[in-house]
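Single-structure report; data block below.
Readers should treat all values here as calculations from the given coordinates under stated rules, not as data from a laboratory. All values reported here derive from a predicted model rather than from experimental measurement. Quick reminder, even Gly has a Cβ in these numbers, built from the backbone with ideal geometry, and neighbours come from all protein chains shown.
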């Protein structure tokens, strides 16, 4: 009976989260679509005309640079600026988390609480299910996914996407390996029969899942004709990534903060991969000439919405 309830609860959470995320995506896309016009018409922006004119006259290069960074029609404009800020924020979060782990001689309180919460659940068939899910984030699965994707991208001559994929993968792998070596966090006391050979922080499975599966979702979604189709691909990938991260905690081979650290590292390099793909692409999601059909062609909520 407990197994049936657990499965039913998991399915219910996924379905409910899907609807919440779908409506949230619609609101965000609408906001992104209308924000430039609303910002241009805002009184504060209008009152800054004199300051902007003065800046343009005194420092035309600086003014041009700043103007281009907030232009939603350029590949290197507003979205690239937001991705850069997000990457810096993620790096800061990872740095702070790493510092906390280095300073703590004992497991962080939340790690102990989360680990203890799953002790009574580590029985069959949950352990087998967790092992199957966690295998999707293992080295053989990740390497296979990257090689297969590389083959498809090569055959389609999408070399800029292939380059970005490998940059994302190698960057995430290098950062994770360095983090494990420098921090050297011991693994939790593992209560099941599994063998682990590396340090605990950050989780390599979580890092690889975000970096590789996240980038593959991007590569697939960018070629789909509607926002709804892109949303379904992205949402399914997010569920897969979260399940892989959860499986590492459930099996007791990682602490909660290990998985969060892995998600942060993977997210950082995923953003780097997005930037590389868009800035080097011959068929970018955005027009390099800054034409009016840039971002609105790609994420306009008016096609068929999530």
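Worth a mention:
- Cβ crowding within 10 Å ranks 19, 278 as 19, 278, fewest other Cβ atoms first.
- Pairwise Cα distances in region 33-78 exceed 14 Å for 58 percent of all pairs.
- Averaging the sequence gap over all C-alpha pairs within less than 8 Å and six or more residues apart, then dividing by the number of residues, gives region 1-150 a relative contact order of 6 percent.
- A full extension of the chain between residue 66 and residue 155 corresponds to an added length of 28.1 nm, given 0.36 nm per residue minus the alpha carbon distance.
- Per residue of the chain, the DSSP helices (runs of n ≥ 4 H) give a summed -39500 (n - 2.57) that works out to -23500 deg cm²/dmol at 222 nm.
- Stokes-Einstein translational diffusion, the chain - Kirkwood Rh over all Cα pairs, 1.567 mPa s, 4 °C, in µm²/s: 60 µm²/s
- The calculated FRET efficiency for the pair residue 229 and residue 37, based on their C-beta separation and a Förster distance of 30 Å, comes to about 0.65.
- With only the Cα atoms considered, region 10-136 has a convex hull volume of 221 Å³ per residue.
- When only Cα pairs below 8 angstrom with a gap of at least 6 residues are kept, the chain shows a relative contact order of 28 percent.
- Annotation: peptides 250-262, 5-17, 73-85, 159-171, ranked by per-residue average of other Cβ atoms within 10 Å with the highest first, follow the order 250-262, 159-171, 73-85, 5-17.
- Projected area averaged over orientations for region 5-83, convex hull of C-alpha atoms, nm²: 7.4 nm²
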